[in-house]
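Here the structure is laid out as structure tokens; the discussion comes afterwards.
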Amino acid sequence: MRNWSSEHRSWQQRGGYGGYYIPQNTFSIYFGSQHFFRFQSRPVMYLGYPRFSYGGFSFLIVDPWPESWPVNWYDSDDVYVDYDDYDSGYYLIDRRQPSIRLAISVVM
């Protein structure tokens, strides 16, 4: 079983972000805290990581989600994709618990 508190790491702690970058003009149209969405179904596994698509891009969730989230969080919670300039990487954020950020990677 995965554990949020022991497995979560920022992109800075991971040695930097190494995925694809979303162009800024596209990012501002589809992503950020004002563009939230729900998965509607559990993310599918791809290369050992949960994968989801949104805004024309595919993402891998590289952090575990917290045990405190409901079992059906992907169907019940509003989430959004944001970029952290300090960490230089992307995160999936649940609007109910915005302090918890799951590191995600853009894949093509």
Query - Restricting the range 52-64 to residues that are within 17 Å of Phe36 (Cα to Cα) and either among the aliphatic types (A, V, I, L, M) or assigned to a strand (DSSP E or B) (or both), the residue that is nearest to the chain's Cα centre (by Cα) - result: Ile61
Query raised in the report: Can you name the residue in the range 85-96 that is modelled with pLDDT under 90 and not small (Gly, Ala, Ser) and, of all such residues, is surrounded by the most Cβ atoms within 10 Å (Cβ to Cβ)?
Result: Asp87
Query - Unique residue being more than 20 Å from Gly16 (Cα to Cα) and not aromatic (Phe, Trp, Tyr) when the list is Gly89, Gly56 - result: Gly56
Report task. Please work out if Arg9 is at pLDDT below 85 and under 13 Å from the mean Cα position of the chain (by Cα). Result -> yes
Query raised in the report: Of all the residues that make up the range 21-46, how many are more than 22 Å from Trp73 (Cβ to Cβ) and loosely packed, with under 15 Cβ neighbours inside 10 Å?
Result: 7
Requested in this report: Return the total of residues in the range 65-82 being assigned to a loop (DSSP other than H, G, I, E, B) and under 24 Å from Tyr21 (Cβ atoms).
Outcome: 1
**Report entry** Long-range neighbours under 6 Å by Cβ, at least six apart or interchain, first residue of a type in the set (Asp, Glu) within the range 60-74, second buried (at least 17 other Cβ atoms within 10 Å of the Cβ)
**Finding:** Asp63/His8; Asp63/Leu102; Asp63/Ala103
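The values are calculated or read from the model by the stated rules, or taken from the named source; none is laboratory data. In this text, all values refer to a predicted model and were calculated from it rather than measured experimentally. Positions of Cβ are generated from backbone atoms using ideal geometry, with glycine treated the same way; all protein chains shown enter the neighbour counts.
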